[in-house]
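What follows is a set of notes on a single structure, which appears directly below.
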Amino acid sequence: AGRLMYGSGVGFAMHSAPTYMAEMTPPSVRGAVVTAKEAFIVLGMLIGYVLGYLVSGNNDRWYVPYTCSMLIALPLLAS
């Protein structure tokens with residue numbers, strides 16, 4: 001049940017955030033703002049895959065991707 005709720009929330013956020021951003025930004029920068037959001041999402045996935053690949057040969061390094069994620073998430077949590 002938890003995964004279903006989490007997946008639904010993430011799916012809703014991924015669908016509604018670009019619409020909200022497009023409605024709230026001025027028409028002159030609307031496309032750039034929505035494109036930047038999607039580009040940063042893809043960049044985050046790329047960084048995750050690269051980190052996973054770099055630590056895949058060593059079973060003792062599983063904590064590296066989690067630590068990097070926490071370093072990025074803590075300032076967001078604090079703000």
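The values are calculated or read from the model by the stated rules, or taken from the named source; none is laboratory data. All values reported here derive from a predicted model rather than from experimental measurement. Cβ atoms come from the backbone with ideal geometry, glycine included; neighbour counts cover every protein chain shown. Protein only, heavy atoms only, side chains kept; ligands, DNA and RNA dropped before computing areas. Shrake-Rupley method; radii C 1.70, N 1.55, O 1.52, S 1.80 Å.
Probe of 1.4 angstrom, ligands and nucleic acids ignored: what's the accessible area per residue over the chain, in square angstrom?
Details: 6740 Å² over 79 residues.
Heavy-atom SASA per residue in the chain reads 85 Å².
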(i) 51; (ii) 68; (iii) 57, with the label sought being that of the calculated percent of Cα pairs over 16 Å apart: (ii)
MRE, 222 nm, helices only [DSSP H, n ≥ 4, -39500 (n - 2.57), over the chain, to nearest 500]: -28000 deg cm²/dmol
Folded to 0 to 90 degrees: helix 2-24 orientation relative to the chain principal axis, Cα: 40 degrees
How large is the accessible surface of residue 10 in square angstrom, using a 1.4 angstrom probe and rounding to the nearest 10? 60 Å²
Expressed in nanometres to one decimal, the distance between label points 7 Å along Cα→Cβ at residue 12 and residue 56 is 3.5 nm
Nearest-0.05 FRET efficiency for residue 72 and residue 20, computed from C-beta distance (R0 22 Å): 0.45
For a quick check, take a GNM of the chain with Cα springs below 10 Å and name the residue from 36, 22, 13 with the largest mean-square fluctuation. 13
